[in-house]
Amino acid sequence: MTTKMRKLFWKTWNFLIHEDSVYSFIADAILILLIGKFILFPGLGLVFGNDFPIVAVISGSMDHHNAEVDEWWSENSRYYEHFNISSSDFNEFYLSNGFEKGDVLIIKSTPEDQLAIGDIIVYSVPYRNDPIIHRIVSLDPIETKGDSNQGQISFETAIPYNQIHGKAIFIVPYIGWVKVGAMELIGII
């Protein structure tokens, strides 16, 4: 590396890391977005085997509103008993306490024969822009329900496997509010 290139590198580094200016902030934000969009997300997609490795929750359809599982179950059991899901079954499900708008889920591709009742899956519906994040309540056919929804939405009653991106394997609370806040600010949600 030549002396001129070294000086340019350190000048750029100083601008991005140490300078406290609006221009430096904008450059940092653009750099973070580009790295996320073209390196981080595709890399995670390869690791987790899908095109939606990280999904921010943008609705309250899985929110239990801080109710304990037993309290929540007493108010919602009729929707699950229809699918022969008992309270003890529900208590064993991943994220049996639900999750909130603004949480982020890590999604892993899962073969159809490894999906189970109670799994939280992410899938696309042809006429909706954002993917759906709901719990499987039946496997034949695959059906889902949002924990906080009063019933199923019409598209939840027969989900083709090719619309499923994967199932939730990890949750990171709150960091999705960056996306949710931006979407609410520009009026998308």
Report task. Go through (1) surrounded by fewer than 15 Cβ atoms within 10 Å (Cβ to Cβ); (2) out of contact with any Asp or Glu (no Cβ under 9 Å at 6 or more places or on another chain); (3) among the aromatic types (Phe, Trp, Tyr) and name the single condition Tyr174 misses. Result -> (2)
Requested in this report: All but one of (1) modelled with pLDDT of 85 or more; (2) in contact with a strand residue (DSSP E or B) (Cβ under 9 Å, 6 or more places away or on another chain); (3) closer than 21 Å to Trp177 by Cβ hold for Leu44, so report the exception by its number.
Outcome: (1)
Report summary line: Flagged in segment 96-136 as farther than 23 Å from Met183 by Cα, under 13 Å from the mean Cα position of the chain (by Cα) and among the hydrophobic types (A, V, I, L, M, F, W, C), in numbering order, are Ile120
**Report entry** Scope segment 52-77; condition assigned to a loop (DSSP other than H, G, I, E, B) and small (Gly, Ala, Ser); matching residues
**Finding:** Ser59, Gly60, Ser61, Ala67
Report summary line: When restricted to Gly60, Gly36, the only residue outside the structural domain of Ile164 (by TED's automatic domain parsing), surrounded by 11 or more Cβ atoms within 10 Å (Cβ to Cβ) and either modelled with pLDDT under 85 or out of contact with any Pro (no Cβ under 9 Å at 6 or more places or on another chain) (or both) is Gly36
Report summary line: Considering residues that are in contact with a helix residue (DSSP H, G or I) (Cβ under 7 Å, 6 or more places away or on another chain) and farther than 22 Å from Gln152 by Cα, the number found within segment 36-86 is 3
Report summary line: How many residues of segment 122-153 are surrounded by 15 or more Cβ atoms within 10 Å (Cβ to Cβ) and aromatic (Phe, Trp, Tyr)? The answer is 1
Query raised in the report: When you scan segment 110-189 for strands (runs of 3 or more DSSP E) that lie fully inside it, which ones turn up with 1 or more residues that are over 26 Å from Ala29 (Cα atoms), touching a residue at least 24 places away in the same chain (Cβ under 8 Å) and among the small types (Gly, Ala, Ser)?
Result: 132-139, 164-172
Report summary line: Subset of segment 14-33, residues surrounded by fewer than 11 Cβ atoms within 10 Å (Cβ to Cβ) and among the hydrophobic types (A, V, I, L, M, F, W, C), comes to Ile17, Val22, Ile26, Ala29, Ile30, Leu33
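The values are calculated or read from the model by the stated rules, or taken from the named source; none is laboratory data. Being a predicted model, the structure only gives us computed values, none of them experimental. When we count neighbours, we look across all protein chains shown, and the Cβ atoms used for this are built from the backbone with ideal geometry, even at glycine.
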